[in-house]
1. Just to be sure I understand the model, the point goes 7 Å from the Cα along the line to the Cβ. What's the resulting S303 to D324 distance in nm?
2. Write down the Å³ per residue value for the convex hull defined by the alpha carbon atoms of the range 282-366.
3. Please tell me which of these pairs span more than 20 angstrom C-alpha to C-alpha: K166/K273; K272/K298; K110/K265; K53/K76?
4. Efficiency by 1/(1 + (r/R0)^6): what FRET value for D262 and N335, r their Cβ-Cβ distance, R0 = 51 Å, to the nearest 0.05?
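Just so it is clear, none of the values below were taken in a lab; they were calculated from the coordinates. Bear in mind that the values here come from a model prediction, so they are computed numbers and not experimental data. Every residue, glycine among them, receives a Cβ derived from its backbone with ideal geometry; neighbour counts consider all protein chains shown.
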Amino acid sequence: MNLKKKFLSAVTAATLVVSFIFGTPVAQASLIGTAIGIGTTLAEGAAMRKQVKEIIKKFNETPEGQEALYQNFREKQGVDTTPEYNERLDIIMANLTRGVAAVDPSIKDKPYKYFVADNDALNAACAMGHVMMVNRGTFKALPSEDEIAAIVGHEMGHGQLNHGVKSLEKQVNQRITSGLVGAAIGGGAITSLIADVALNNMDAHKDKKFETQADLISIDYLVNTPYNIGATAAVMQRFVELSIGKERSRLTAIFKPSDHPDSAKRRDAAAKKLFEYSGKHVEVKNGVVSVNKKTFMKPVASSTMSGAERSYFVMGNLARAFHDGQNKNEATVVNGTVMLGNQEIVTPLEGDEDAQVIADRLNSLK
Ligand SMILES: [Zn+2]
């Protein structure tokens, strides 16, 4: 087989494999075996493993593989073409691509392909090859672009850290070494193995270590964007609240609090990173923002978020201000917004203290 033909064959096979990520028909299972050329004997287990690895590599490292994956996902998931959501995602991706590039220039050689998926669940996913989708439900559920950016940044963290491939290969190898392939004399069983592994890979987010890594690195990306660096902790606070409220059913897979009782831990890990970023000047606990260990303010709830969620936005602004040395300047009030130097800190809402009172307190604490 010539190289081009061989590659096309691999891409076809790979596309079929990946379709199982989204739980598509069993009818395709036999096609996978045929397309990859999997034999039916135990001796060929190692060859199958090698071939799967090659296909993964093509997906992950070539523009053709990326394109095949992208088209496959669009077809399987459905595409939402609502201009509002698509334009917003374009802006977020442009901002975050610059944010990632500031700390990881490799993104320039491997830009993301993305789309808005036709799905109302609050969810997003990044596969190997830097192919990403953000559900329509994410745009509907989250009130601020900062929080959507936090989620997209988290996905790009998985992408930059190559998590999709790591978990896929790991799971394939686990299955093979556990002897399941040895028992699988028929090609059908082997294709089932591949399908299982691909399906499980969709749940790469279940790996707690990867989750925290993606959360924390996303803050490094947000630092280099116009977004609030507290948005990661804020969105985790929202998931904590959704998990104990009646809106729980709106969350699925990736961020589902029922699967992730550790949303609070992830929130706290993000907040700890902000604390460090601020030079250990700024903290949040139970909705109270502290500066230099003293109470600064306890934001009230807005029409779209709780006071606790809002507190992480205040924290994000303060952390940026302290990190950038803005605390050497006076806190002032400009058009109703408390500023520290040229950094916005908070715009008080009805029920919050007066802006000048907050600014005066900040001057006494900073
Ligand atoms: Zn994740």
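1. A separation of 2.9 nm, rounded to one decimal place.
2. Working: hull volume 6.7 nm³, N = 85.
In the range 282-366, the Cα hull volume divided by residue count equals 79 Å³.
3. Long pairs (Cα-Cα over 20 Å): K166/K273; K110/K265; K53/K76.
4. Using R0 = 51 Å, I get an efficiency of 0.80.
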